[in-house]
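The structure appears right after this line, and notes come after that.
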Amino acid sequence: MRHWYKRAASLAMGLIAVGLAAMAASASAEVIVFPQQGVRLDAAPDEYVITPQTIGGQSDWLLERGIDPSALAASYYAEHTLFDIIRADGVRVMMSARDWPQADSADESSRRDAAESLAAFADWSYWLDGEWLRMTNAYDSIYQLKDVSVLDGALIELTARAPYDVGADAAQAALDSVKQRVDFIDKQPLGDVGSSDYEPAPLSGVARTVESSGALAFALTRLPAWTDDGQMSASGTTQPGAKVALAVDGVEIARARAGVDGTFAFEFTIDGENGGHDVTFTASHGGASARRVHSVLLARGVTPLVLQPNMERITGPFDLYVYTLPDAAIELTTPSRTMRGPANGSGYLYFSLSVRRGQSAVYQATATAAGLPPSTVELTLERELSEIEQIQDFRLYTQNVTYRKLVDHPEGAAGVNVELRGRVGAVEERDGLPALALYTSNPGSGSWQEPVFIYCDRLLRFAVGDILTVLGVVRGDPAEAAGETMPAVDGKYYLR
């Protein structure tokens with residue numbers, strides 16, 4: 001076994017790794033092996049690990065966190081991602097590996113060429129750090145750290161991303177921790193692990209999710225984002241024996257039943273005019289169901305062009321994914337510059353972008369493939385404040401108000417922003433929303449004092465005894481709760 005800091009084996013790329021094991025959230029560490037790349041990861045207990053092969057079983061977890069499993073799977077394939085670690089502290093660490101024919105050794109010029117290539121569409125800075133070239137990139141709400149090296153003709157990237165409130169030190173610690181737990185082992189040929197039937201993701205990416213609902217486990221493993229002839233194929237996984245119905249533009253056209261392994265597949269045709277078409281899957285089993293609506297582009301006789309994610313509002317930096325024909329010329333015009341580049345052999349390219357706080361931006365992408373008319377898509381994004389930024393802005397206007405003033409003269413403090421930290425002493429419901437008595441003073445006697453009644457503005461889950469920080473606005477009248485009269489505050493933000 002060769003450790004990360006020593007010499008790496010030559011890596012065979014072009015296909016994403018086949019993980020022999022997958023880690024879900026658990027209380028114990030687990031080993032994940034990628035035999036074709038010869039990579040082994042010793043996952044830590046506090047890490048949630050996603051690989052390209054485990055997304056299907058983790059789709060519900062991802063959707064709960066606002067992550068589109070289909071778009072994530074497409075990005076994994078295009079970026080040659082081996083694993084994606086989501087840590088308990090909010091830091092995300094990803095590893096990718098791909099062929100790098102520009103160099104056969106890890107000399108300084110090779111690493112520098114690799115970094116300049118990766119930094120082509122983003123404002124990365126970089127410097128040499130031993131055998132690795134360390135790159136940094138900071139937006140206004142996220143910090144990124146990347147270690148890059150060229151080892152025996154393979155480009156290896158290990159990237160950590162952390163929100164600003166978590167900090168750059170946490171990103172570096174997470175990256176270094178994962179690096180220490182990655183080893184290179186002897187790789188196995190593809191046929192040795194029974195993967196001869198493996199099919200890479202479609203050249204046209206994975207169709208964007210428009211709507212997702214239902215509690216039944218359901219995930220698509222194949223649905224192209226575009227078609228130039230209307231011929232489509234789709235496959236996925238759900239509960240074994242579940243009934244799956246397929247509809248195009250609201251008209252049901254086929255039904256299938258999932259096999260004993262939960263898989264299903266469809267071959268179908270999209271007719272009509274060029275443009276977006278809704279493809280809907282509805283699965284049912286027992287009393288549970290799931291519904292997924294995806295948008296597929298029909299592009300007959302023109303260069304196909306799909307942008308993901310297709311959204312109107314963002315809260316920070318984001319990656320804009322472009323799907324088109326392999327080697328098509330792509331031009332992206334932003335409010336400040338124009339960027340150009342070719343799609344890769346899978347018809348894919350991405351740009352790391354950001355929009356200034358409180359502003360909107362218009363992006364125009366054009367794709368041109370040989371022998372076909374170009375296509376242009378325009379996307380307008382509005383930059384909203386993330387919750388972290390909202391809290392930062394709220395704190396700029398908080399005031400120190402004594403508890404005695406809140407009790408004796410609440411009307412004088414009405415409308416004032418305050419930040420309170422204390423122990424939850426009672427929880428009840430007011431007007432269909434939770435409310436709680438927060439005891440804000442602990443003089444060391446073991447008995448919490450100075451209660452403030454918090455009216456919550458959303459559905460939240462609290463328990464008596466929780467320690468909580470609340471940012472809110474003082475009401476001008478007191479509240480009765482837990483047999484006491486206490487000052488009242490309208491809660492806005494809640495930090496544990």
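The values are calculated or read from the model by the stated rules, or taken from the named source; none is laboratory data. All values derive from a computational prediction rather than experimental measurement. Note: ideal-geometry Cβ built from the backbone for every residue, glycine included; neighbour counts use all protein chains shown.
A few notes on this one:
- Evaluation of LEU246 against (1) part of a strand (DSSP E or B); (2) under 16 Å from ALA288 (Cβ atoms) (one fails), failing number: (2)
- Every condition in (1) touching a strand residue (DSSP E or B) at 6+ places or on another chain (Cβ under 6 Å); (2) more than 23 Å from ARG395 (Cα to Cα); (3) in contact (Cβ under 8 Å) with a residue 12 or more places away in the chain is met by ALA463 except one, and the failing one is (1).
- Counting only residues that are surrounded by fewer than 17 Cβ atoms within 10 Å (Cβ to Cβ) and more than 42 Å from the chain's Cα centre (by Cα), segment 406-425 holds 5 of them.
- Every residue from segment 361-402 that is surrounded by 15 or more Cβ atoms within 10 Å (Cβ to Cβ) and of a type in the set (Gly, Ala, Ser): ALA361, ALA365, ALA367, ALA369, SER375, SER386
- Close pairs (6 angstrom Cβ cut-off, 6 or more residues apart or separate chains): over 19 Å from ASP466 (Cα atoms) in segment 413-440, among the small types (Gly, Ala, Ser) and at pLDDT below 95 anywhere: ALA414/GLY476
- Hey, VAL279 of a type outside the set (Gly, Ala, Ser), farther than 30 Å from THR51 by Cβ, surrounded by 15 or more Cβ atoms within 10 Å (Cβ to Cβ) and touching a strand residue (DSSP E or B) at 6+ places or on another chain (Cβ under 9 Å) or not: no
- Matching option when the condition is closer than 23 Å to VAL210 by Cβ and either buried (at least 17 other Cβ atoms within 10 Å of the Cβ) or at pLDDT below 85 (or both), among LEU332, LEU246, LEU325: LEU246
- Those strands (runs of 3 or more DSSP E) of segment 291-334 in which 2 or more residues are touching a Lys or Arg at 6+ places or on another chain (Cβ under 9 Å) occupy 306-308, 329-333.
- The residues in segment 480-496 that are loosely packed, with under 14 Cβ neighbours inside 10 Å and assigned to a loop (DSSP other than H, G, I, E, B) can be counted, and the count is 2.
- Evaluated against (1) farther than 19 Å from ALA225 by Cβ; (2) under 22 Å from the mean Cα position of the chain (by Cα); (3) modelled with pLDDT of 90 or more, SER352 falls short on exactly one condition, (3).
- Odd one out for ALA361 among (1) modelled with pLDDT of 90 or more; (2) within 30 Å of LEU297 (Cα to Cα): (1)
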